[in-house]
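Trainee: The structure follows.
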Amino acid sequence: MRFVSQRITIISTRKPAERTINQQLQWLGTSLGLFNLRDKNKSCFRIFIELLKSAKSRKFLTSDQIAENLHLSRGTVIHHICRLMDSGLVIHDHNAYSLRVDNLSELIEELEKDIKRTLDDLKSVAGNIDSRLNYK
């Protein structure tokens, strides 16, 4: 049996009172766990925004292109791209990367489906365990 894992982080924070595009993107990034204390330059979030921009034109970007555009090391880009792929936000094709869908609304809908599938699987296994242990 092969296990495929996906780590989805959702952090519940208060939406910004002011609704500038930058504040909303910051809130979205924070809510999706794209920031952590070690990422002082918000590199992961900046990579996410770069991929969001390229999604509009349906372009895939290589790690070298992202690194050059954002003035980051390729190692930093690869580290954060792996995190974004693990969370299901980014896909990889022929050494290039893109958001898995073309816009943020679709991205959130896809994450919602992923979470629902996982919760359905958990519910099914919990019910099976309850039955086997005569808890039902």
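No value in this document is a laboratory result; all are computed from the given coordinates. Quick caveat: nothing in here was measured; it's all calculated off a predicted structure. Don't worry about glycine lacking a Cβ; one is built from the backbone with ideal geometry, like all the others, and counts go over all protein chains shown.
Trainee: Given an 8 Å cut-off on Cα distances and at least 6 residues of separation, report the relative contact order of the chain as a percent.
Mentor: On the way: 123 pairs, mean separation 29.6, N = 136.
So the answer I get is 22 percent.
Trainee: Regarding the chain, what is the average projected area of its C-alpha convex hull, in nm²?
Mentor: Dividing the Cα hull surface by four gives the mean projection, 11.3 nm².
Trainee: Once fully extended, how much extra length lies between Leu104 and Asp86, figured as 0.36 nm per residue of separation less the alpha-carbon to alpha-carbon distance?
Mentor: Values: separation 18, 0.36 × 18 = 6.48 nm, distance 1.76 nm.
Difference between extended and current length: 4.7 nm.
Trainee: How do 74-85, 8-19, 52-63 rank on mean C-beta neighbours within 10 Å, highest first?
Mentor: Numbers: 74-85: 17.5, 8-19: 9.4, 52-63: 15.2.
Those peptides, ordered most packed to least, come out 74-85, 52-63, 8-19.
Trainee: Count charges around Thr62 for me, please; just the other residues with Cβ under 12 Å from its Cβ, Lys/Arg as +1, Asp/Glu as -1. Walk me through the numbers before you get to the answer.
Mentor: Values: positive: Lys59, Arg74; negative: Glu50, Asp64, Glu68, Asp93.
Residues close to Thr62 contribute a combined charge of -2.
Trainee: Sticking with this one: With respect to the cross-link table entries Lys53/Lys123; Lys15/Lys53; Lys15/Lys123; Lys59/Lys123; Lys15/Lys40, which display a Cα-Cα separation exceeding 28 Å? List each step's numbers first, then the result.
Mentor: On the way: Lys53/Lys123 37 Å; Lys15/Lys53 23 Å; Lys15/Lys123 30 Å; Lys59/Lys123 38 Å; Lys15/Lys40 22 Å.
Over 28 Å apart, Cα to Cα: Lys53/Lys123; Lys15/Lys123; Lys59/Lys123.
Trainee: For Lys116, list the aspartates and glutamates whose Cα falls under 16 Å from its own Cα; do not include residues on the same chain fewer than 8 positions away.
Mentor: Cross-link targets: Glu106.
Trainee: Given a Förster radius of 35 Å and the C-beta distance between Ile21 and Asp64 as r, what FRET efficiency does 1/(1 + (r/R0)^6) yield to the nearest 0.05?
Mentor: Using R0 = 35 Å, I get an efficiency of 0.80.
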